[in-house]
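Nothing in this text is a laboratory measurement; each read-out follows from the coordinates by a stated rule. Since the model is a prediction, treat every value here as computed from it, not as a measurement. Counting neighbours? That spans all protein chains shown, and the Cβs are built from the backbone with ideal geometry, glycine included.
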Amino acid sequence: MRFITEFRSSKLASGLLSQIRLRSRTPARLMEFCGGHTVAIFKHGIRQMLPSTLEMVSGPGCPVCVTANADIDRAIALSQVPGVIIVTFGDMLKIPGSRSSLQEAKAGGADVRMVYSTLDAVKIASENTDKSVVFLGIGFETTAPTVAASVIQAMQEGIDNYYVLSLHKLCPPVIRAILDSGEVRLNGLVCPGHVSAIIGSYPWEVIAREYHIPCVISGFEPVDILQCVSMLVDQIERGEAKVEIAYRRGVRPEGNPEAIKLMEKVFEPAPARWRGMGELPASGLKLRREYRQFDAELAFDIATEPAQEPEGCICGEILRGTKVPRDCSLFAGICTPEHPVGPCMVSSEGSCSAHYLYGGDLAG
Amino acid sequence: MCLAIPALIKSVDGMEAEVEIGGISRRISLQLTPEARVGDYAIVHTGYAISIMDQKEAEETLRILDEMAHLVEESG
Ligand code: SF4
């Protein structure tokens with residue numbers, strides 16, 4: 001496939017690897033933020049290929065994993081409200097909340113539907129005018145503009161039974177929180193490609209400058225990731241800390257202005273709860289006043305019991321990069337993709353699932 | 001979750017387009033990329049084109065990486 005196959009070339013990959021091995025002298029720890037990168041890194045065995053000077057750790061870039069249990073509980077509570085249809089992306093269904101999951105709620109008779117796109121969510125609303133259709137808005141800046149587009153579409157078409165429970169999260173604030181905590185020493189950031197396709201490279205510039213950390217925006221194929229690592233190594237060896245785009249075919253410095261405009265029209269920054277990190281200011285999105293008729297938060301009175309974390313699960317620490325899956329006593333024995341205990345094993349982009357499926361636990 | 005794949009735009013109809021992903025035709029929204037044209041490769045995420053592939057940049061990246069691979073080969 002065009003734009004994919006070329007970036008899987010083993011010739012280009014080995015050229016980049018030689019370059020990395022030749023130049024990397026300083027021991028450095030790089031964090032890949034995005035869950036998509038985590039999966040690609042494990043699938044292609046990239047960690048094992050890198051010289052011993054380089055260590056890679058996964059960050060909090062799996063939107064499903066970072067959704068706090070309290071918010072999953074609220075989604076489940078909403079599914080119990082008579083006349084409510086919950087619409088969501090597939091990954092959310094199996095995530096265990098404090099007491100059950102959406103999938104269990106569905107098995108118990110709740111109307112929970114999986115969609116591929118918010119376009120389908122609006123369609124469900126227009127076809128079920130006697131019901132209230134609540135879309136679970138999870139995802140980062142990549143997804144938020146598509147949810148904003150659905151709200152505007154509903155408004156234009158006069159659909160008044162469509163609601164969004166906005167659990168969106170923003171990437172730069174959580175990266176800051178990780179750097180501020182100082183829990184993990186990081187020497188370089190593999191910045192998310194598709195988030196940056198929307199927000200561009202400018203938001204990372206402030207971070208590179210303030211924390212003096214090299215930031216390189218990467219695509220998702222093995223050659224993309226190796227190119228990104230090679231650029232990070234060059235910066236580290238030269239003592240630089242700037243933002244570079246390795247994924248130039250997909251990311252422009254200004255991002256996608258049209259998508260940013262739409263996202264900012266519908267949403268405004270708000271505090272958000274992150275699994276493992278608690279509430280972070282201005283790290284989420286809520287619907288603006290002008291669109292409050294679509295806000296599930298205001299339309300429904302959602303009461304839940306206090307949230308509980310799955311016993312023994314250390315997803316929170318894994319998401320902060322302070323622990324790895326094999327540090328968890330449940331990993332691979334009790335907790336597997338077939339019988340997941342925590343979200344990092346449920347989600348296909350979770351660290352525990354990637355370690356389990358691709359044997360990353362052996363290589364660290 | 002930010003998974004997005006390049007897809008060839010085969011026809012454009014207002015704010016929608018017909019694309020081909022792995023041999024299968026699909027309708028996507030161009031709400032976020034009104035500049036999209038037939039023949040472009042859209043980066044598709046949950047039914048929306050979130051960006052248009054820059055073909056020139058892709059070729060340039062490949063050219064630079066190819067040159068580097070040759071250099072490494074020669075010196076190694
Ligand atoms: S292995 Fe399972 S229980 Fe342990 S941290 Fe990962 S998801 Fe949680």
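What the Cα convex hull of chain A gives, in volume per residue, is 135 Å³.
FRET efficiency for the pair residue A:55 and residue A:210, taken as 1/(1 + (r/R0)^6) with r the Cβ-Cβ distance and R0 = 25 Å, rounds to 0.60.
With neighbour counts taken as other beta-carbon atoms within 10 Å, the residues B:33, A:142, A:336 rank, fewest first, as A:336, B:33, A:142. The dipole here belongs to chain A: it is taken about the Cα centre, uses +1 on the Cβ of Lys and Arg and -1 on the Cβ of Asp and Glu, and is about 1040 debye. Over all other residues within a Cβ to Cβ distance under 12 Å of residue A:228, the charged ones net out to -4, with Lys and Arg as +1 and Asp and Glu as -1. Taking label positions 7 Å along the Cα-Cβ direction at both residue A:104 and residue A:48, the computed distance is 3.7 nm, reported to one decimal. Computed from backbone phi with θ = phi - 60° and the Karplus coefficients 6.51, -1.76 and 1.60, the 3J(HN,Hα) list for the range A:296-301 is 4, 4, 8, 6, 10, 8 Hz; x is used for glycine and proline.
Mind sorting A:300, A:267 by how few other Cβ atoms lie within 10 Å of their own Cβ, fewest first? The partial results should precede the final answer.
Numbers: A:300 17, A:267 24.
Least to most surrounded, the residues fall as A:300, A:267.
By the count of other C-beta atoms within 10 Å, a proxy for reagent exposure, B:45, A:212 are ordered fewest to most as A:212, B:45. Dividing the mean sequence gap of close Cα pairs (under 8 Å, 6+ apart) by how many residues chain A holds gives a relative contact order of 22 percent. Determine which residues of the range A:1-44 fall in the zone a paramagnetic label at residue B:56 would reach in this model, i.e. backbone nitrogen under 20 Å from the point 7 Å along Cα→Cβ. Answer for the range A:1-44: A:3.
Entry note, chain B: the mean residue ellipticity at 222 nm calculated from DSSP H runs of n ≥ 4, each adding -39500 (n - 2.57), is -9500 deg cm²/dmol after division by the residues and rounding to the nearest 500.
Name the most mobile residue of A:162, A:116, A:202, meaning the one with the largest mean-square fluctuation, in a Gaussian network model of chain A with Cα contacts below 10 Å. Of A:162, A:116, A:202, the Gaussian network model singles out A:116 as fluctuating most.
Counting only cysteine Cβ atoms and a cutoff under 4.7 Å, the protein assembly as shown contains unmatched residues A:34, A:171, A:191, A:215, A:228, A:313, A:328, A:335, B:2.
For the range A:136-218, state which trypsin sites (Lys or Arg not before Pro) are in a DSSP loop and have at most 14 other beta carbons lying within 10 Å of their beta carbon.
A:185
With the largest listed first and rounded to whole Å, the semi-axes of the equivalent ellipsoid of the range A:315-358 from the Cα gyration tensor are 14, 11, 9. Straight-line cross-link reach from residue A:11 at under 19 Å between alpha-carbon atoms covers these lysines, not counting any fewer than eight positions away in the same chain: A:43.
Bridging of residue A:265 to lysines at a Cα separation below 20 Å is possible for A:169, A:286, once same-chain residues fewer than 8 apart are set aside. For a modelled paramagnetic label at residue A:202, 7 Å from Cα along Cα-to-Cβ, the residues of the range A:279-309 in reach, with backbone nitrogen under 20 Å, are A:282-285.
Taking max minus min of the alpha-carbon positions on each principal axis, chain B gives extents of 53, 24, 21 Å, largest first.
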